[in-house]
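Here is the structure we will look at.
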Amino acid sequence: MLEKLLEGGFNEEKSLEIINSVIKIKTNENSFSTVDAFIFNLRTANAEFVKLGSAPTYIIEDGKVITINSSSLPVGVIKDTDYLPIAKQLKEGTVVVQISDGVVEEEIDVNDNYFKTHLQNIDISKTSKAISEELRKFVIKEKKGLLDDDFTIMVSKVIKS
């Protein structure tokens, strides 16, 4: 829904306001939806991260792993869509790793956990697909094949063309 609203010309704030209203109207009070959007300008390499109730995003750049996290509540729970997008200028070679809460649960420190530690040693010269496959195998091994939640890992890499 967010993608369609943005493509239709609505800005992020208005799009989230509409989504929040729709969820509140269509569902009972116990329903909500997380939002984890990575909006990237291909011309300027400017990135915006919109995070409402979502798991952390990790940026691997210049040999460091940066955590992007927000304490915002999910849409459908919040009264207003007051949120602060996180903006960052990305460089060529930067890797962005978005995950779901099945990878790093809410109880785990987003800045000090098994997944972030592994990211610090990952070979970012590989393709996005190869990195995501390595991370998928790592999470399954780390959790000993016992997954108590589904998990999603999306890897994006800034490549100059």
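Give me the residue from the range 124-152 that is at pLDDT 95 or above and acidic (D, E) and, out of that set, nearest to V35 (Cα to Cα).
My answer is E133.
For the range 133-148, enumerate the residues that are of a type in the set (D, E, K, R) and open to solvent by less than 60 Å² (accessible area, probe 1.4 Å).
If the condition is that a residue be of a type in the set (D, E, K, R) and open to solvent by less than 60 Å² (accessible area, probe 1.4 Å), then E134, K143 are the ones that fit.
Got a sec? Which of G102, G9 is open to solvent by less than 70 Å² (accessible area, probe 1.4 Å), modelled with pLDDT of 85 or more and out of contact with any strand residue (DSSP E or B) (no Cβ under 7 Å at 6 or more places or on another chain)?
Exactly one residue qualifies, and that residue is G9.
List pairs: first in the range 127-152 and over 13 Å from G102 (Cβ atoms), second open to solvent by less than 90 Å² (accessible area, probe 1.4 Å), Cβ under 6 Å, 6+ apart or cross-chain?
As it stands, the answer is S128/V155; S128/K157; I131/V155; S132/I153; S132/V155; F138/H118, since those pairs meet every condition given.
The values are calculated or read from the model by the stated rules, or taken from the named source; none is laboratory data. Quick caveat, the model's predicted, so the values are computed rather than measured. Virtual Cβ from ideal backbone geometry, glycine too; neighbours counted across all protein chains shown. For accessibility, only protein heavy atoms count, side chains too; no ligands or nucleic acids. Shrake-Rupley method; radii C 1.70, N 1.55, O 1.52, S 1.80 Å.
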